[in-house]
1. Simple spin-label model, 7 Å along Cα-to-Cβ: residue 3 to residue 86 in nm?
2. What is the P(r) of segment 63-156, as percent of Cα-Cα pairs per 5 Å bin from 0?
3. Roughly how many nanometres apart are two label points built 7 Å out from the Cα toward the Cβ at residue 148 and residue 104?
């Protein structure tokens with residue numbers, strides 16, 4: 001095993017010697033190794049805690065979480081992300097879910113949801129057809145973004161003119 005020499009002031013050496021005696025370590029090296037292992041464990045725990053906190057912050061900033069919170073609060077029952085997506089895609093009769101979504105979820109949250117790939121602007125435009133209670137500004141915004149999405153997709157497929 002590789003070795004390492006360290007210099008300690010007299011007060012720290014006396015402390016280490018006392019701990020070796022009091023805690024039953026065979027040598028000061030055993031005591032120092034134990035301290036290092038405990039420090040490694042503490043570092044792993046701090047890293048895990050930071051990761052958990054980062055995940056919580058990311059989850060709290062997730063637009064789907066925001067939208068689900070708004071819809072769930074309005075209909076007074078939990079709504080899962082799959083319920084919202086299926087309702088917006090017309091896969092089931094989630095009329096109230098869709099109407100609440102369009103009425104209460106803000107444009108920035110909707111845009112962030114599209115940006116994260118939960119659905120496309122064209123899907124939202126199709127879902128809002130025939131729905132009441134959607135503000136004119138929000139409906140115009142969604143229609144304009146759907147047109148832009150289609151134009152961008154067509155532009156991506158077109159060969160560059162030379």
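1. Roughly 7.0 nm, to one decimal.
2. Over segment 63-156, the share of Cα pairs per 5 Å bin runs 2, 14, 27, 27, 18, 7, 3, 1, 0 percent.
3. 2.7
Every read-out reported here was derived from the displayed coordinates using simple, explicitly stated rules and does not represent laboratory data. Only a predicted model underlies this, so the values are computations on that prediction, with no experimental measurement involved. A quick note on method: Cβ atoms are made from the backbone with ideal geometry, for glycine too, and the neighbour counts reach across all protein chains shown.
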